[in-house]
């Protein structure tokens, strides 16, 4: 049996303390009841209270030997329980993104692809809770090896600088430059070798729209040449997230691993001459609408031999979008922190923040 206390997990049978870094204590907080409302702020407050409760629920399980498939089930089953199965996908905002070591984002376990954590694993735990179409999107990182503490601290501070500086009419390109300056002031020492932390430049945050986790605005965590000069924060919901690495400043897709998907087309008009594919896509729209899903979900609905070719065809036709796992181009360990916020002229709400991170 294990008990979560402070920044470590204590084995009650052996009294051996197993340290992990990256988050503090998760407090007891009220879990708000899910109710129908058109108020996005109220919906996000409810979703955030559930997100925090899930973080508390999974904490005792975060130790070497844990399989990511087990962690995904812990997160998603608790989400369904606390949302009372309400929502497009029973309250699950998107498949749990559980990315380890050089994989920075978008890995979710499946029957074919799973990972077992060990004492040197660095794990990004990114999941969402959907209430009335509004998704609370928040992430944190844990490491069992103290050598990586500065990596986690640097990325966490960068995320909070981003939250602090986000405001209506702030230039987003300049905003990203300040995040980079903070993160890249950190370095880590691993096996007596020093590594300056690098921002992963082609990863960052995004705005959130109702029923759509990526609303079309990219929030860079760095000064990147290709970002437009005149994009500014406006009133809305944003996921502020930053990613750092010990060796890379760029990520690449690894499309041969399991992928997260999202329906892009709202109709089947491109498939009008293909009855079989039209039926398949109508079912995907009915089941997931525009919320993300993954192979693990499809395995419960279809024979993999049947859906794999169909999914590939829909991606090729630009009807659905695939989000394969993202790995560091030059290797290295990675960390991520993220919170969902709301901005308007009068206030800034950081929904998912608590005493753990």
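Before moving on, here are some points about what is shown:
- Alpha carbon convex hull of the stretch 260-323, volume per residue in cubic angstrom: 74 Å³
- Cut-off 17 Å, label 7 Å out along Cα→Cβ of residue 313, residues of the stretch 285-303 by amide N: 285, 302-303
- Estimated inter-spin distance, residue 170 and residue 230, nm [label 7 Å along Cα→Cβ]: 2.2 nm
- Length released on extending from residue 19 to residue 189, taking residue separation times 0.36 nm less the Cα-Cα span: 59.4 nm
- Computed from the Cβ-Cβ distance with R0 of 56 Å, the FRET efficiency linking residue 355 to residue 273 stands at 0.50.
- Computed over the chain: relative contact order in percent, which uses C-alpha pairs under 8 Å that are six or more apart: 21 percent
- Extension gain, residue 283 to residue 41, is 84.1 nm, computed as 0.36 nm per intervening residue step minus the present C-alpha separation.
- Spin-label pair residue 345/residue 252, simplified geometry with 7 Å Cα→Cβ offset, distance in nm: 4.9 nm
- Anisotropy class of the chain from Cα gyration tensor, a/c 1.5 cut: rounded
Any read-out appearing in this document is the output of simple, stated calculations on the displayed coordinates, not a laboratory observation. Not measured: the values here are computed from a predicted model. Cβ coordinates were reconstructed from backbone atoms using ideal geometry, including for glycine residues, and neighbour counts include every protein chain displayed.
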